[in-house]
Amino acid sequence: MLKGREYVPLLYTRLAEIRAMRELPESSKNLMVPVFKLRPWLNSKELDRAVEVVEEAVGNRLYGLDLDEFKLNLNPDPSKTAATQFLQLFEKAEGYKNYYDLVASGPNRVPVFRGINDADLEIEKQIEHILHIDRGVFVRAKVGEPGSLLEIARKLAENDIDNAVFIIDCGWGRDLLVSAALASQFAQRLVNTSDKFEIVIAGSSFPDDFKGLGERFTIPAIERQLYFEVRRQVNFDALYYGDWGSTRPPTDPIPMKHVPRIDTARSTDWVCWRSEDDETYVEVAQRVITDPAWDGKLGIWGEYMVVATAEEEAVRIKAPAMAAAVRVNIHLHQQANFDNPGGLHVGDEAVGDDL
Amino acid sequence: MITDTQRSILQRHLSEVPVKLGALASELGLEVFKSPLRPGISGLIEPSHSAPSGFRIKINRHESVERQRFTLAHEISHFLLHRELIRNGVIDDTMYRSNLSSRHEIEANKLASKIVMPEAAVDMLRRKYSGHSFEEMTHLMAKDLRVSEPAMRIKLGG
């Protein structure tokens with residue numbers, strides 16, 4: 001499934017991620033297969049809208065359609081149609097039939113194995129759905145909570161399901177490299193089960209606290225090192241890089257004073273500019289585009305928005321979600337082109353039937 | 001001025017909505033690119049040695065699709081109406097102001113509006129959605145024609 005691709009971003013269907021994905025150049029989208037954790041879309045009445053916005057953003061390409069358990073845990077209001085439809089996708093009846101039916105109803109949706117940490121995950125029934133849909137499957141596990149990862153791998157191999165992608169997620173943190181040995185161990189066991197599987201090593205070192213770091217700072221991105229370390233230990237061709245797209249995991253709302261911050265992403269780090277002395281987004285952006293670290297020549301939306309902000313255009317960064325979308329957009333573009341630096345600078349794209 | 005051949009091409013493409021602007025431009029001999037233009041610039045038309053018509057259009061790849069469509073229609077209109085004035089190129093800002101006169105820009109805007117929102121299609125859709133409120137009608141028609149709601153609202157006289 002991933003042959004010819006370079007990158008598997010793991011994303012939630014939040015405003016920032018969707019906008020960041022939607023605005024990527026087609027050339028970058030062609031290098032990735034994202035996996036989205038679905039949740040009801042903003043104030044939309046129907047859950048279908050959430051799938052629509054993902055597919056508008058991804059274009060006519062394969063993507064993993066996962067479910068956002070965090071939103072399930074928030075106990076969405078069952079009186080709202082979208083929330084009810086969302087809850088139904090988690091029902092275990094008939095091997096998660098509701099979920100697999102949703103996946104089957106769109107031609108580019110790839111299922112993500114359900115309930116990997118549950119005792120009664122109905123492997124056989126789920127495999128029936130996967131065989132019926134016939135687009136392969138993602139199996140994702142946290143490195144510290146592998147659940148039935150290896151048992152599922154064995155069953156998939158027994159059923160000759162070769163186009164399975166295993167995602168070993170090392171989670172968020174600045175100590176990601178501690179997970180490398182464990183991730184390597186699981187990857188090696190999967191390779192031993194079938195050398196036809198594809199394996200993604202993912203994690204994120206993007207921080208969640210920027211206090212005390214000053215008005216400008218650089219944060220190394222360790223997830224690439226994690227991937228390289230596992231690749232060094234597991235000599236396997238079909239090992240792919242994944243990450244959380246420089247996002248943070250969802251959290252319950254926390255009342256806090258918002259401090260404007262603009263981040264840009266490079267291939268192995270992020271450069272962040274934080275408001276000091278009540279600087280506005282416009283003033284922060286003006287600092288960004290005069291900084292030696294500023295490229296400004298990639299030709300992508302994220303950079304365009306920083307310049308638009310510095311020049312006080314009507315459409316500009318005015319809130320954290322848009323600032324996050326800018327960072328995520330540049331990050332996704334950088335990681336998709338990590339081994340293809342020639343593709344980083346985007347030029348003219350011929351218009352065809354799309355307009 | 002618009003030649004008979006161009007008028008015929010235009011009429012044929014305007015009979016189906018949303019109007020396929022890329023195909024229309026191509027049949028008129030124009031090259032069209034989505035380009036990383038700077039903020040504040042929506043599009044431009046300039047001479048090209050490789051385009052059959054002798055002109056290429058660039059539209060800002062970072063603006064919304066609806067905005068890109070109107071910009072493309074606007075630049076096509078400059079080609080149809082003002083190609084003898086284009087010389088080294090015409091760059092349109094986000095307000096569709098350029099080195100051409102206001103009169104020429106107004107002309108291009110009027111024709112662009114007719115290209116993305118053909119009269120016959122507008123009449124047909126107005127009948128189709130006659131049972132809806134003005135706001136709903138604007139929303140539905142904008143979606144069918146792939147134009148912005150403000151542009152649709154102006155067209156419907158709101």
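Remarks
- Gain in span if fully extended, residue A:189 to residue A:268, counting 0.36 nm per residue against the direct Cα distance: 25.5 nm
- Placing a pseudo-label 7 Å from each Cα along the Cα-to-Cβ vector at residue B:109 and residue A:216 gives an inter-label distance of 4.1 nm.
- Heavy-atom accessible area per residue - the stretch A:158-300, 1.4 Å, Å²: 47 Å²
- Cα gyration tensor shape of the stretch A:1-148, rounded if a/c is under 1.5, else prolate or oblate by comparing a/b with b/c: oblate
- Percentage of interatomic Cα-Cα distances in chain B larger than 19 Å: 53 percent
- Cα shape, the stretch A:82-144, gyration tensor, a/c 1.5 rule: rounded
- Which of A:41, A:7, A:21, positive extreme of dipole for the stretch A:1-99 (C-beta unit charges): A:7
- Interface burial for B against A (accessible surface, 1.4 Å probe, total of both chains, Å², rounded to 100): 1700 Å²
- Applying the criteria of a DSSP loop state and at most 15 other Cβ atoms within 10 Å to the GluC sites (Glu not before Pro) of the stretch A:26-117 yields A:46, A:91.
- Accessible area per residue (1.4 Å probe, heavy atoms of protein chains only) ranks B:49, B:104 as B:49, B:104, with the largest value leading.
- Taking every protein chain into account, the 1.4 Å probe leaves residue A:29 with about 10 Å² of accessible area, to the nearest ten.
- Largest-first ordering by accessible area, 1.4 Å probe, given options A:89, A:177: A:177, A:89
- Size of charge dipole - the protein assembly as shown - debye, nearest 20, with Cβ of Lys, Arg +1 and Asp, Glu -1, no other charges: 800 debye
- Whole-Hz couplings from phi, Karplus 6.51/-1.76/1.60, listed for the stretch A:78-95; x for Gly and Pro: x, 6, 9, 4, 4, 5, 5, 4, 5, 4, 5, 5, 8, 5, 7, 3, 6, x
- Of the whole protein surface, residue A:79 contributes about 100 Å² of accessible area at a 1.4 Å probe radius.
- Rounded to the nearest 10 degrees, the angle from helix A:48-58 to the longest Cα principal axis of chain A is 70 degrees.
- Given A:37/A:155; A:3/A:45; A:45/B:155, the pairs whose alpha carbons are separated by over 27 Å: A:3/A:45; A:45/B:155
- Using a Förster distance of 35 Å, the FRET efficiency for residue A:294-residue B:143 (Cβ separation, nearest 0.05): 0.35
- CD proxy at 222 nm, helix term only [per DSSP H run n ≥ 4: -39500 (n - 2.57); per residue of chain A; nearest 500]: -10500 deg cm²/dmol
- Nearest 10 degrees, 0 to 90: helix A:320-336 Cα axis against chain A principal axis: 70 degrees
- Percent accessible area from carbon and sulfur atoms, the protein assembly as shown, protein chains only, probe 1.4 Å: 50 percent
- Nearest-10 value in Å² for the accessible area of residue A:23, using the 1.4 Å probe: 30 Å²
- Radius, Kirkwood style, for chain A when every pair of distinct Cα atoms is counted (Å): 21.2 Å
- Dipole orientation for the protein assembly as shown: of the candidates B:10, A:132, A:187, B:10 has the Cα lying most toward the positive pole (charges on Cβ; Lys, Arg +1; Asp, Glu -1).
The values are calculated or read from the model by the stated rules, or taken from the named source; none is laboratory data. What you see is a predicted model, and the numbers here were worked out from it, not measured in a lab. Every residue, glycine as well, gets a Cβ built from its backbone with ideal geometry; the counts of neighbours run over all protein chains shown. Remember, those area values only see protein heavy atoms, side chains included, never the ligands or the DNA or RNA. Shrake-Rupley method; radii C 1.70, N 1.55, O 1.52, S 1.80 Å.
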